[in-house]
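Report on the following structure.
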Amino acid sequence: MGRWRAVILDTILMTAGFGTLTFMGVAKPDIIHHFGISSNEFELQHIAYVFGLFIAFLLGSTRIYEGSFRRSVGIAISWAAIPQMLIPFVGNWNVVVFLRFIQGFVVGLVPLFSTQIARYFVSERPFAKGIILSGIFWGGVFGSISASYILGRIPWKESFVITGLIMYLVYIIWYFLTDDFEIKHQKEGEATVSIWKLPFTWVLGFTFFPALWVIFTIIGFSAKLGYDMGWSKEQVATLSTSLNISKALWSIGFGYLGYLLSRKNTTPRGLFEAIVKVMILAYIVSFLGLVTYSKGILSGNYPLVLASVILVGALQGTGPAFWTSAPAVYPESLVTRANFALGLISNSANAIAPTITEVLARYSIALALAELSIMPLVGILTLIIVSRMKLPIEVKD
């Protein structure tokens, strides 16, 4: 039971840390009024946040996450908690945007927990990782609900401080109930296989790229479109909450499917084939959802948009499979480095997707929606390509 306890604790900590995903979006009217900024200026904070999600993986090549696992997780959660408590006391909007960029570094929890889970599971990895990754979107739900509840009762400044303190409270509980271990990074010069010189690494990394392109763009994009179309704060919050619940449930569901497929063949090739099948299925379902979502947005049909996010959330079904690929296909000495490398490649979508989507939307909402809708098809094509490549663990020295 110890290993499943770790899964639950990791999920709860992810939920606390990723409350930052949506909390500020729901607080948009209060923030705009306080700083005297426009709606477009407000969107800069979301772009900065998702760009931070990309830059966060560069830290995996440094010594900042080397040594104690529990200490490393404490650093990762601090990227979210400290800026959350500082934002209310900053008078310059540009500084707030920078703090939101720093908050994106909280995604470092993902590869850290992947390294932990690889120690405990084999065929159950997708299921365990699916549960943990669902914490990102439970965090989105937590951020939306807590913002709607707290902001209606106490000033927004105190709300930010309280949620920052909650993150640390959850971390303290997690710390004392979690087993520690040492994280060691294989130096590139000492490795028998170079992560970055393998074409497989790049192609595998890009299999998750299309999912993240949409996942971390559609949250802010939907809120902006909703307010522009005259939807209320409650409607925007409900849409955000529904989307995040959908992603969380799909994450767990597809993670369990990955487990069912993985246990049939636990060889590296068998595990990887299960990963590919799960990701392709998730992309197919999400494509149907994005087409429906686009139709709802263009017609201003809120009920249709709300219903469509049930399918759009299937994008997150790719996550549990992707984040269990490194321990399945790389030599053990390279798994930690591979987790961060794959995260850096896939999360490069976060660096450009929101900006590109925003630019396209200014020209044509339909064009921006078409760009988002085609991403699952790009993901399927990339998965077909990588499925025919030799695995790093199959490469002989």
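Just so it is clear, none of the values below were taken in a lab; they were calculated from the coordinates. What you see is a predicted model; the values in this text were computed from it and never measured. So basically every Cβ, Gly included, is an ideal-geometry build from the backbone, and we count neighbours across all protein chains shown.
Tabulated data for the structure shown
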quantity: Ile183 long-range amide H proximity, modeled H, under 5 Å; calculated: Gly67, Ser68, Phe69
quantity: Distance between modelled label sites at Leu381 and Arg263, nm, 7 Å Cα→Cβ extension; calculated: 3.7
quantity: Value at 222 nm in deg cm²/dmol, rounded to 500, when DSSP H runs of n ≥ 4 in the chain each add -39,500 (n - 2.57); calculated: -25000 deg cm²/dmol
quantity: Prolate/oblate/rounded label for region 309-371 (Cα gyration tensor, a/c 1.5); calculated: oblate
quantity: Kirkwood Rh, Cα atoms: Rg over Rh of region 1-89; calculated: 1.05
quantity: Förster radius 35 Å - calculated FRET efficiency between Tyr149 and Arg5, Cβ distance, rounded to 0.05; calculated: 0.75
quantity: Of (i) 20.9; (ii) 21.6; (iii) 22.6, the label for Kirkwood radius over Cα pairs in Å derived from the coordinates; calculated: (i)
quantity: Helix axis angle, 39-55 relative to the chain longest principal axis, alpha carbon, degrees; calculated: 10
quantity: Angle between the chain longest axis and helix 365-386 axis [Cα atoms, degrees, rounded to 10]; calculated: 10
quantity: Cβ-placed point charges (K, R +1; D, E -1), dipole of region 277-397 about Cα centre in debye, nearest 20; calculated: 160
quantity: Rounded tilt (10° steps) of 268-299 against the dominant C-alpha axis of the chain; calculated: 20
quantity: Over 21 Å between alpha carbons, listed pairs Lys157/Lys247; Lys157/Lys233; Lys129/Lys390; Lys129/Lys295; Lys247/Lys390; Lys247/Lys277; calculated: Lys157/Lys247; Lys129/Lys390; Lys129/Lys295; Lys247/Lys390
quantity: Additional length obtainable on full extension of the chain from His33 to Trp202, 0.36 nm per residue less Cα span; calculated: 56.5 nm
quantity: Gaussian network model of the chain, Cα within-10 Å springs - most flexible of Val97, Val50, Val106; calculated: Val97
quantity: Straight-distance crosslink candidates among aspartates and glutamates, where the alpha carbon sits under 12 Å from Lys224 and sequence neighbours closer than 8 are dropped; calculated: Glu41, Glu43, Glu358
quantity: Estimated dipole of the chain in Debye, rounded to 20 [Cβ of Lys and Arg +1, of Asp and Glu -1, Cα centre]; calculated: 600
quantity: Of Phe18, Phe89, Phe51, the one that fluctuates the most in a GNM where the chain has Cα springs shorter than 10 Å; calculated: Phe89
